[in-house]
Every structure is written in C-alpha cells, then in structure tokens.
Amino acid sequence: MTRILLLIICILSMKSNALALERFDIVTTETLKNMLELRAQGKENFILLNTLDKIIADHHTIPGSINIPWNKVKERAQELGKDKSIPIITYCMGYR
C-alpha cells in the first residue's frame with residue numbers, strides 16, 4: 001500500500017508537458033495574417049517555423065515559413081539563427 005501511495009504522489013508531483021505551453025503566447029490566425037502583412041512591409045521581424053513532415057509541408061505550408069519537421073528541430077536548430085531577440089512562431093497540423 002505504501003508503494004502505491006508513493007507512486008501516486010510521484011505521478012501527481014510530475015509536471016505535465018502541456019504545462020510548458022503556458023510559457024508561450026498563442027498567436028491566432030488573424031494575428032498571424034496581420035503579422036505577415038507587417039513583415040512584408042518591413043515593419044515586423046519574426047521567424048515562421050512549420051514543423052510539418054516534408055510530405056505534408058510540400059502541400060500545406062504558409063508562404064515564407066521555414067520547414068523543419070518536429071523530429072529534426074534539435075539537429076537543425078542552427079537554421080533559425082542566433083539572434084534570440086527575434087520571435088519564432090511555430091505551427092503544425094495539431095497534436096501527435
């Protein structure tokens with residue numbers, strides 16, 4: 001019984017990965033459209049990263065985005081540049 005209780009306490013004390021999303025702002029479709037217009041005018045600077053698999057990205061991508069599949073982000077992170085002041089907006093097709 002003690003082991004089960006300890007296991008339950010350990011599980012409940014773990015932070016969920018979903019909680020990490022609280023650290024980030026969510027950009028709506030309308031906001032992104034406005035940001036893309038401002039970027040085209042040179043008034044906004046950000047990186048638009050799509051994490052779609054290449055086969056999907058070839059057919060469903062927002063123009064001007066960089067495609068780095070989610071499972072390759074760590075090894076290809078240098079493609080995002082070194083300037084940490086430039087916001088990175090990431091999109092995909094949903095949760096896996």
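The values are calculated or read from the model by the stated rules, or taken from the named source; none is laboratory data. None of these values were measured; they are calculated from a predicted model. Here the Cβ is made from the backbone with ideal geometry for all residues, glycine too, and neighbour counts use every protein chain on show.
What the table shows:
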read-out: Residues that are out of contact with any Pro (no Cβ under 9 Å at 6 or more places or on another chain), at pLDDT below 95 and loosely packed, with under 12 Cβ neighbours inside 10 Å, drawn from segment 41-59; value: Ile55, Asp58, His59
read-out: Selection within segment 73-96 - of a type in the set (A, V, I, L, M) and part of a loop (DSSP other than H, G, I, E, B); value: Ile86, Met93
read-out: Selection status of Lys15, modelled with pLDDT under 65 and of a type in the set (D, E, K, R); value: yes
read-out: Number of positions in segment 61-80 that are touching a Phe, Trp or Tyr at 6+ places or on another chain (Cβ under 9 Å) and either basic (Lys, Arg) or at positive phi (or both); value: 0
read-out: Selection count, segment 35-56, where residues are among the acidic types (Asp, Glu) and more than 15 Å from Ile88 (Cβ to Cβ); value: 2
read-out: Subset tally (residues that are part of a helix (DSSP H, G or I) and touching a strand residue (DSSP E or B) at 6+ places or on another chain (Cβ under 8 Å)) for segment 37-72; value: 2
